[in-house]
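What follows draws every value from the coordinates through simple rules; no lab data is involved. Because the structure is a prediction, the values reported are computed rather than measured. Please note: Cβ atoms are built from the backbone with ideal geometry, for glycine as well, and neighbour counts cover all protein chains shown.
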């Protein structure tokens, strides 16, 4: 069967695209050109209507048929490890279960970013794309519960996606720790080659091969039409994540004081 040996599971706006691109250059790894096939996000076809702005076309991009998903990995050279990256696999606990059911021995990599920065970058991305109707970041976050109830897709869940502690806790209830690699976004940003080597060592392939990570994918918070996150916005958003940051520290042993400031 042509199924992946590893998955880049998230989170969105945390440099997964950059890591995916960098790993494509490793001769012992194969990642298809189709990034984010989203196969494990549904058990069958995705929705065909409803959702938020732009959700229907995005759902139409899902590679949800197993034969089509396996075909993505069929061109892999013999002996190479295959993988793909879909940023919502960490957030979606049902997707985690589907991964465990189909590829229980897969190795999983997640890059985690300061959750307030991540949420703001997510909101800014959708504003710049002309999809986010709410011009105020905090108001958009406060609309999240209503939007989720209305069936808006994962990318609109600015706060919930950044509650990594509960997501990682669920993941480690399914997979042993030796199959899960958690990375901090700042490591990917500040030491991209070393971080890529950590991923290669985790996957069991040669290190020192990936020479860099595309910088335009890994950058400070926001560029473009939207202004950056201001201190007042950050202070207002921090309480949404405080308990979960503590949970993630307990799970990982990381010091996340910089996420609290």
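As a rough guide to protection, the peptides 185-195, 115-125, 6-16 ranked by mean Cβ packing within 10 Å, highest first, stand as 6-16, 115-125, 185-195. Per-residue ellipticity at 222 nm computed for the chain from its helices equals -11000 deg cm²/dmol, with DSSP H segments shorter than 4 residues left out and the rest contributing -39,500 (n - 2.57). Gain on full extension, evaluated as 0.36 nm per residue between residue 43 and residue 93 minus their Cα-Cα distance, stands at 16.7 nm.
Beta bridges from DSSP with both residues in segment 6-260: antiparallel share about 0 percent, rounded to the nearest 5.
Would you mind computing, in nm to one decimal, how far apart the modelled labels at residue 179 and residue 148 are, each placed 7 Å from Cα along Cα→Cβ? So the two model labels end up 2.7 nm from each other. Annotation for segment 56-119 versus segment 140-219: alpha-carbon center distance of 12 Å. Hydrodynamic analysis of the chain uses the Kirkwood radius over alpha carbon pairs. Inserted into Stokes-Einstein at 25 °C and 0.890 mPa s, it gives a translational diffusion coefficient of 130 µm²/s. Computed from label points 7 Å out along Cα-Cβ, the spacing between residue 128 and residue 211 is 2.7 nm.
Between residue 261 and residue 139, the contour length at 0.36 nm per residue exceeds the alpha carbon distance by 41.8 nm.
For the chain, the relative contact order comes to 26 percent (Cα pairs under 8 Å, sequence separation of at least 6).
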